Structures are given as C-alpha cells and as structure tokens.
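S.K.: The structure's right below; bear with me while I get my questions together.
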Amino acid sequence: MRLVNYMFGAALLAAGSAAAEPLPLPRWNPRAPENSQMLPAFSYAALEQVLASIGASHHRAAQGPKGRILVTFPNKRKATLVLGACNAEFSACKALSIQSYWTPIAGDSAERTSKAVQAFNQRYSFGKAFVAADGRPALQRYLTADYGFVRGNLAVNLLVFSNQAERFAAEVLQPLETADRQP
C-alpha cells in the first residue's frame, strides 16, 4: 500500500511540475466495449465523449448559432460539427454535418480549383468536396441518426473525415498552391 501511495504521490508531483505541457491525448481503442453502444441521437454530450475518445480537442462554438462544436483532430486538421434537426436543448439531434473549410487559393482560377475538386470527388466518395459560394475549398460529411447511431461508427466516421481532410489538403490544395507560385 505504501508503494502505491508513493507512486501516486510521485505521479502527482510529476504532473504538477509539467503543468505547462498538456497531457497526451488518449489513443482510440476500437475494441472498447462502449463502441457498440447505440446513441439514440446526436447531442453535445455524446459528441464530446466520442471526440475525447479519439484524441480530438474540441469546444462548443461561443458565437453564432447553437449546435456547433469546433474540433481539432489528432492530425491537426480542423472541422466544425453542426448539429441539425434538434430539440430546443440540442440534446437530441437527428443530423450531424462535419465540415472543414480552407482559405481561397490566392491567384488560382476558379475553373482549375473546380476541376481539382471534381477529380478528388471521383477518386473518393466518403465526403463531398466542393468550392463554397465565397470561394473557399471545403469538405463535408453528413450523417443521420433517425434511428440512432452506433458510437464506434461515429468515432470511425470522425477519424476517416480527419484523414480525408488531410488527403484533400495534400492532393488538391497543396498542388494548386504550388502551381500558383511557379513562374
């Protein structure tokens, strides 16, 4: 018992001395028993638990309409989760949109960007890539929970979306930016 107390005290001391450094985020366990849990609907609480389990940092949007969570995935890609078809408290929502937007590519033609986005959509069908009305390249995934959603499937959808966002940036946006800088 003394050894356990000593180790606990040492861990607390070490944590206190490293207060300036954030603790490492947990690694998602696909075999965790809670992954088979059926979520009756999307909600802040359910989304925040799943985001924590995959190691994503997140916070509720302070401004704008309710029903938004700002996320930074473990691969540093950012997204906004938008709850839809909700009750007044946003505790039971039937729809979830996962969205990432980038800044417009300076000096690039809208036609060239559009063609690159279309080619991406032909190669990958998980999310929809598009150019928003304001010229920003974007990626979106839409999920419904009319009859519930399995928690582990939500985690996988979020992880795959973050990987898709990484791939979109690497395969579409970076080549367009590089081509734009060439004489």
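S.K.: Can you give me the number of residues within the stretch 110-137 that are of a type in the set (Gly, Ala, Ser), touching a helix residue (DSSP H, G or I) at 6+ places or on another chain (Cβ under 9 Å) and at negative phi? Lay out the reasoning, then the answer.
M.R.: So in the stretch 110-137, the residues of a type in the set (Gly, Ala, Ser) come out as 110, 114, 116, 119, 125, 127, 129, 132-133, 135.
With touching a helix residue (DSSP H, G or I) at 6+ places or on another chain (Cβ under 9 Å) added as a condition, the list becomes 116, 119, 127, 129, 135.
In the following step, the residues that additionally are at negative phi were identified as 116, 119, 127, 129.
Number satisfying all stated conditions: 4.
S.K.: Further, regarding this structure: Do the conditions hold for ALA95, that is, is it part of a strand (DSSP E or B) and either without any contact (Cβ under 8 Å) to a residue 40 or more places away in the chain or touching a Ser or Thr at 6+ places or on another chain (Cβ under 6 Å) (or both)?
M.R.: Here the answer is yes, as ALA95 does meet what is asked.
S.K.: Of all residues in the stretch 117-166, count the ones that are surrounded by 18 or more Cβ atoms within 10 Å (Cβ to Cβ), charged (D, E, K, R) and within 15 Å of ALA79 (Cα to Cα).
M.R.: 1
S.K.: What is the number of the single condition among (1) assigned to a strand (DSSP E or B); (2) open to solvent by 30 Å² or more (accessible area, probe 1.4 Å); (3) more than 17 Å from VAL172 (Cβ to Cβ) that PHE90 does not meet?
M.R.: So the condition that PHE90 fails would be (1).
S.K.: Any idea which of THR113, THR72 is at pLDDT below 95 and among the β-branched types (Val, Ile, Thr)? Give the steps one after another, and end with the answer.
M.R.: Numbers: THR72 fails: at pLDDT below 95.
After applying the criteria, what remains is THR113.
S.K.: Just to be sure I understand, how many residues within the stretch 101-116 are surrounded by fewer than 13 Cβ atoms within 10 Å (Cβ to Cβ) and within 25 Å of VAL82 (Cα to Cα)?
M.R.: 1
S.K.: Quick check on the stretch 53-87: of everything there that is in a strand (DSSP E or B) and charged (D, E, K, R), which residue is least open to solvent (accessible area, probe 1.4 Å)?
M.R.: The first filter runs over the stretch 53-87 and keeps only residues in a strand (DSSP E or B), leaving 57-60, 68-72, 78-86.
Now drop any that are not charged (D, E, K, R), which leaves 60, 68, 78.
Numbers: ARG60: 113, ARG68: 73, LYS78: 135 Å².
Once the filter is applied, the top-ranked residue is ARG68.
The values are calculated or read from the model by the stated rules, or taken from the named source; none is laboratory data. Note that the structure is predicted; figures quoted are calculated from it, not measured. Glycine also receives a Cβ, built like all others from the backbone with ideal geometry; neighbour counts cover every protein chain displayed. Just so you know, the surface numbers come from the protein's heavy atoms only, side chains and all, with ligands and any DNA or RNA stripped out. Shrake-Rupley method; radii C 1.70, N 1.55, O 1.52, S 1.80 Å.
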